[in-house]
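Q: Dumping the structure here so I can ask a few things about it.
The values are calculated or read from the model by the stated rules, or taken from the named source; none is laboratory data. Being a predicted model, the structure only gives us computed values, none of them experimental. Quick reminder, even Gly has a Cβ in these numbers, built from the backbone with ideal geometry, and neighbours come from all protein chains shown.
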Amino acid sequence: MPSPRRLLLISTPVGPLGSGLGGGVELTLLNLCQGLRARGHQVTVAAPEGSSLADVPVVEVSGQLQPTAHTQGRNALVTLPADSVLGNLWRYAQQQQEQFDLIVNLAYDWLPFYLTEFFDTPVAHFVTMGSLNDAMDEAIQQVARQFPGRLGAYTRTQAETFGVADAFAILSSAIALEQYDFCATPGEALAWLGRISPEKGLEDALEAAEMAQVPLKILGKLEDASYWQQLCDRFPHAADYYLGFLPTRELQQVLRQCRALVMTPRWIEAFGNVAIEALACGVPVIAYARGGPAEIVQQGKTGWLVEPDSVSGLVEAIRKIDQCDRHACRRQAETDYSLEALALRFEQWFETIIGRT
Ligand code: HBI
């Protein structure tokens, strides 16, 4: 067990923790804090005011929220509102840096990457999405050149989108396994989980379920209402299939009884936490071989990887899903995606940085 470290984690500026606006980052931050504190490290989180993170103390910082990056174009300008919470978070970090052995950035924004060289305490960056725009790519590549080893990502596929994959530590993800109950005897239905938004490709899952003549249970935040309306117009069952955006306890009650999870990402999914939620319930994953799921699914054992955007490939996988082993799915979640495994991966990454300075 290495010596306990004093860690400052800086959250995403797009919304207070607990609002859901931070998407996967909220889960990652919560899991990381719990795992690292269990290993004896002192963890402080700084986040926009109004944040709450279970029993983890949060330094709340005021200021205007940052517009989200994933809705802007590749050549979007770097923008900051007046009194930006992003700027205020990093002024706090600069003022408090002597109290910490390491500062970890979880914002997908230009400023923290640019500031890296101006800090005495080392700053590490956990990058939470694939490449989205040129200014961010350049800031990430600059850190890769000047401070190799200071970048972390969920998956290698995600890191490769920045063209400097070798400069990244690959850290994968995790879930609180005790919140997911194994189910050996599912019903007929398939599951689809995620934000209902074009980049998630729900139409392909609906079409495949129709062709395979099996029901589909849809769970997740209804993010794009006009897109959903188009789906309901095209698939008469869609509205009946939609079960809403459920908290983990209720979500896994539905998920665990499904024959498989279907993942149809149109973009490079940085990780795809829903895949490990399914595995934890013993539910095999049928996924387009694109991004995170391609590094999670063990072909023919814990699911099937399908040629991206091939609906017939999905149907073929649905037909042979019973060849997969539901016990192997749960075992894979326990081996690779526990909170302890995640904290150990992050701790080893931090030691390579602290040890180097
Ligand atoms: N946009 N500008 C910005 N900054 C973030 O940190 C950010 C974002 N959009 C989405 C997001 N973070 C998270 O939901 C994903 O990283 C998971």
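Q: Of all residues in region 130-171, how many are over 19 Å from R345 (Cβ atoms) and within 16 Å of the ligand (Cβ to nearest atom)?
A: 14
Q: Also, quick follow-up: Identify the residue in region 149-169 that is of a type in the set (A, V, I, L, M) and out of contact with any Pro (no Cβ under 9 Å at 6 or more places or on another chain) and, among all such residues, is surrounded by the most Cβ atoms within 10 Å (Cβ to Cβ).
A: Out of the qualifying residues, it is A153.
Q: Does any residue in region 253-265 that is in contact (Cβ under 8 Å) with a residue 60 or more places away in the chain and of a type in the set (S, T, Y) come within less than 9 Å, Cβ to Cβ, of a residue that is assigned to a strand (DSSP E or B) and surrounded by fewer than 24 Cβ atoms within 10 Å (Cβ to Cβ) six or more places away or on a different chain, and which pairs are these?
A: T264/Y288
Q: In addition: Being of a type outside the set (K, R), under 17 Å from P186 (Cα atoms), surrounded by 19 or more Cβ atoms within 10 Å (Cβ to Cβ) and not assigned by TED's automatic domain parsing to the domain that holds V25 narrows it down to one residue among E269, E277, E250; which is it?
A: Of E269, E277, E250, the one residue that is of a type outside the set (K, R), under 17 Å from P186 (Cα atoms), surrounded by 19 or more Cβ atoms within 10 Å (Cβ to Cβ) and not assigned by TED's automatic domain parsing to the domain that holds V25 is E277.
Q: Look through region 119-145, keep the residues that are among the polar types (S, T, N, Q) and over 15 Å from A165 (Cβ atoms), and return whichever of them is surrounded by the most Cβ atoms within 10 Å (Cβ to Cβ).
A: It comes out as T128.
Q: Before we move on, is T28 outside any loop (DSSP other than H, G, I, E, B), β-branched (V, I, T) and within 16 Å of the ligand (Cβ to nearest atom)? Spell out the reasoning first.
A: Numbers: outside any loop (DSSP other than H, G, I, E, B): yes; β-branched (V, I, T): yes; within 16 Å of the ligand (Cβ to nearest atom): yes.
Against the criterion (outside any loop (DSSP other than H, G, I, E, B), β-branched (V, I, T) and within 16 Å of the ligand (Cβ to nearest atom)), T28 qualifies.
Q: Next question, about the same structure. Considering only region 295-317, state which residues are crowded, with 22+ Cβ neighbours inside 10 Å and either over 23 Å from T161 (Cβ atoms) or in contact (Cβ under 8 Å) with a residue 24 or more places away in the chain (or both).
A: Across region 295-317, the qualifying residues are I296, T302, G303, W304, L314, A317.
Q: Taking only pairs six or more apart or across chains, which ones have beta-carbon atoms under 8 Å, a first residue in region 69-87 that is free of Cβ contacts under 8 Å to residues at least 60 places away in the same chain, and a second residue that is aromatic (F, W, Y)?
A: V78/W110
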